[in-house]
Amino acid sequence: MRKIAATAGLAGVLLLATGTAAVDAATRAATTGGRTGPTAESVDRYVRDYIRRTDLPGAVVTVVKGDKVVYAAGHGHTAGGEAITADTPMPLASLSKSFTALAVLRLADEGRIDLDAPVGRYLPEFTMADPRAEKITVRQLLQQTSGMSDRTFPELTLPAPDDLKDAVAMLRTAPLAAAPGTRMIYHNPNYAVAARLAEVVSGTPFAEFMAATVFTPLGMTSTRTVDTTEELPGAGAGYIRAYGQVIERAHPKWFVNGSYGVVSTAHDLARWLITQNGHGGALPRELVRATQTPSGVGGSTYGMGWSAERTAGGAPMLRHTGWLLTHNSAQTLLPGGEWGIAVVTNTGMISGDDALIISDGLVDMIEGRPDANAAPFTTSADPWLAGLSLLNLGLGLTGVLRSRRWAARRAQRRTWRMIARLVPYALPVAFYLGLAELAGVLLNRVGTLDQLTYVWLALYVWAATGALAAVAVVAARLVHAVRLRRRAVGNVPVSETRRSASTA
């Protein structure tokens, strides 16, 4: 269809022929093993059992097949104590990227932008502290191949802007981590820039533009997009998991529009998934397929708000996950059988990856595998970390109580030798102080220690108790060492001091 169909490329067409609407009845049967798939009753039973086993506070779950809604329901309650139903608005987090991409592609389909033109042609205010940024194209923003990165612009550690214009302005001091078009690097500001571009080209606020081009045509009357987490339902408050408990937490202010600011319901997500399956006719099918087509840049399987993956059974799967500190989400398409799944839960990143686990369980049901009774891995890891944290405190207390004896044994040694014995205690402190950086490497996101208390509280406590114990032992030993040396200078016999310490 005009420009979008042409730019999808031959590789994309071949991939989609095996993984989207262009599948025959034999492929559909293979995807489900000849079965009809889960029913509303079986999905409801699975979700309720998962909630019971894991004490999940709340969730919305949607399952569609083709153009039919198999299941759309809410469970549990919000952090504010309200019952969650199929009409309860929930933050979609990074699932929002697929919405933004589709809205931008509509501008391209209308001939108002060229996906392969530099962003600066349409958005002169977009500048960076790197001359290579002038070559970033609209397509590269949507495919996350612009070269921008958390490493060069750690957005989550910076004060949150209030609107898209300010979010783009903040990039003026940021360099690139790679040349545009050479690597796929997941970075939320790519989509903030894309949203601001749509806002400027359309001449309307992005929220209104999204409503006019995506939400309203699909009948998603309860769906909207917001600028910051303060505008999310309940200001984004939700829960984290720690030591087998769910703990309510408020969400700090983050800027989310364009990248992860969409709020929707189970019923509206059903309409969205049906459209992604190629049904409904509200949006051109070629545009939908273009967002699902991997870029292939550097072997990337990321398209525009979707990633091409495989199920445990080997079938083609399109997926995108999303995380806030207090919510997580997942949307999944199984093109071979035209299944679509969307799950949003009010538990936080890593500590409660419930949405992805529930989605995988539903995929297992579709492909005929038994329920794995999976749960967030922190529920089994936290007891071990709790034990290690108590061990840290116990060792620290023992070290403090024995510090006088330790200092007495070294009272006549050279100062540098005594200090050398204390150097290893810097390791737990360094580990604690560098924990956010280490987590950033593993998660490919740069954050803060405070944010880590949401992501994995038990890990944070373990590192913190280790650092606390180390500091306490070093401080106690130094205090006693200084006191003993002062006494020695005052002609107090060291042997007498040692005898006193040995009887203490």
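What number of residues within region 252-280 are under 30 Å from residue 381 (Cβ atoms) and surrounded by fewer than 23 Cβ atoms within 10 Å (Cβ to Cβ)?
3
Does residue 221 qualify as being among the β-branched types (Val, Ile, Thr) and within 20 Å of the chain's Cα centre (by Cα)?
So residue 221 fails the test.
Could you list, in sequence order, all residues of region 303-317 that are touching a residue at least 24 places away in the same chain (Cβ under 8 Å) and more than 17 Å from the chain's Cα centre (by Cα)?
Result: 303, 308, 311, 312, 313, 315, 316, 317.
Residue 188 versus (1) buried (at least 18 other Cβ atoms within 10 Å of the Cβ); (2) touching a helix residue (DSSP H, G or I) at 6+ places or on another chain (Cβ under 9 Å); (3) more than 17 Å from residue 148 (Cα to Cα): which is the lone unmet condition?
(3)
Scanning for something free of Cβ contacts under 8 Å to residues at least 60 places away in the same chain and among the aliphatic types (A, V, I, L, M), does region 146-153 turn up at least one residue?
yes
Across region 320-356, what is the number of residues that are within 22 Å of residue 289 (Cα to Cα) and either in contact with a Cys (Cβ under 7 Å, 6 or more places away or on another chain) or not small (Gly, Ala, Ser) (or both)?
11
Give the residue that is surrounded by the fewest Cβ atoms within 10 Å (Cβ to Cβ), with candidates limited to residues of region 51-97 that are of a type in the set (Gly, Ala, Ser) and more than 18 Å from residue 223 (Cβ to Cβ).
The residue in question is 81.
Being closer than 17 Å to residue 348 by Cβ and in a helix (DSSP H, G or I) is the filter; apply it to region 436-446 and report the residue that is modelled with the highest pLDDT.
If we take residues in region 436-446 being closer than 17 Å to residue 348 by Cβ and in a helix (DSSP H, G or I), then 436 is modelled with the highest pLDDT.
Select from region 88-114 the residues that are under 24 Å from the mean Cα position of the chain (by Cα) and not in a helix (DSSP H, G or I) and list them in ascending order.
88, 89, 90, 91, 92
Is there a residue being of a type in the set (S, T, N, Q), surrounded by fewer than 19 Cβ atoms within 10 Å (Cβ to Cβ) and within 24 Å of residue 463 (Cα to Cα) anywhere in region 330-350?
No; the residues of region 330-350 include none that is of a type in the set (S, T, N, Q), surrounded by fewer than 19 Cβ atoms within 10 Å (Cβ to Cβ) and within 24 Å of residue 463 (Cα to Cα).
Within region 26-47, is there a residue that is modelled with pLDDT under 95, basic (Lys, Arg) and surrounded by fewer than 22 Cβ atoms within 10 Å (Cβ to Cβ)?
Among the residues of region 26-47, at least one is modelled with pLDDT under 95, basic (Lys, Arg) and surrounded by fewer than 22 Cβ atoms within 10 Å (Cβ to Cβ), which makes the answer yes.
How many of the residues in region 137-152 are basic (Lys, Arg) and at pLDDT below 95?
Looking only at that region, the number is 1.
From 385, 390, 449, which residue is hydrophobic (A, V, I, L, M, F, W, C), under 30 Å from residue 238 (Cα atoms) and either at pLDDT below 95 or in the same structural domain as residue 57 (by TED's automatic domain parsing) (or both)?
Within the list 385, 390, 449, the selection yields 449.
Being out of contact with any Lys or Arg (no Cβ under 6 Å at 6 or more places or on another chain) and either buried (at least 19 other Cβ atoms within 10 Å of the Cβ) or at positive phi (or both) is the filter here, so list the residues in region 208-223 that pass it.
Those that are out of contact with any Lys or Arg (no Cβ under 6 Å at 6 or more places or on another chain) and either buried (at least 19 other Cβ atoms within 10 Å of the Cβ) or at positive phi (or both): 209, 210, 211, 214, 215, 223.
Residues in region 219-240 that are touching a strand residue (DSSP E or B) at 6+ places or on another chain (Cβ under 6 Å), of a type outside the set (A, V, I, L, M, F, W, C) and under 19 Å from residue 348 (Cα atoms): how many?
Residues flagged as touching a strand residue (DSSP E or B) at 6+ places or on another chain (Cβ under 6 Å), of a type outside the set (A, V, I, L, M, F, W, C) and under 19 Å from residue 348 (Cα atoms) within region 219-240 amount to 2.
Being within 23 Å of residue 145 (Cα to Cα) and within 25 Å of the chain's Cα centre (by Cα) is the filter here; which residues of region 191-209 pass it?
191, 192, 193, 194, 195, 196, 197, 198, 206
The values are calculated or read from the model by the stated rules, or taken from the named source; none is laboratory data. Keep in mind that what you see is a predicted model, and the values were worked out from it rather than measured. Cβ atoms come from the backbone with ideal geometry, glycine included; neighbour counts cover every protein chain shown.
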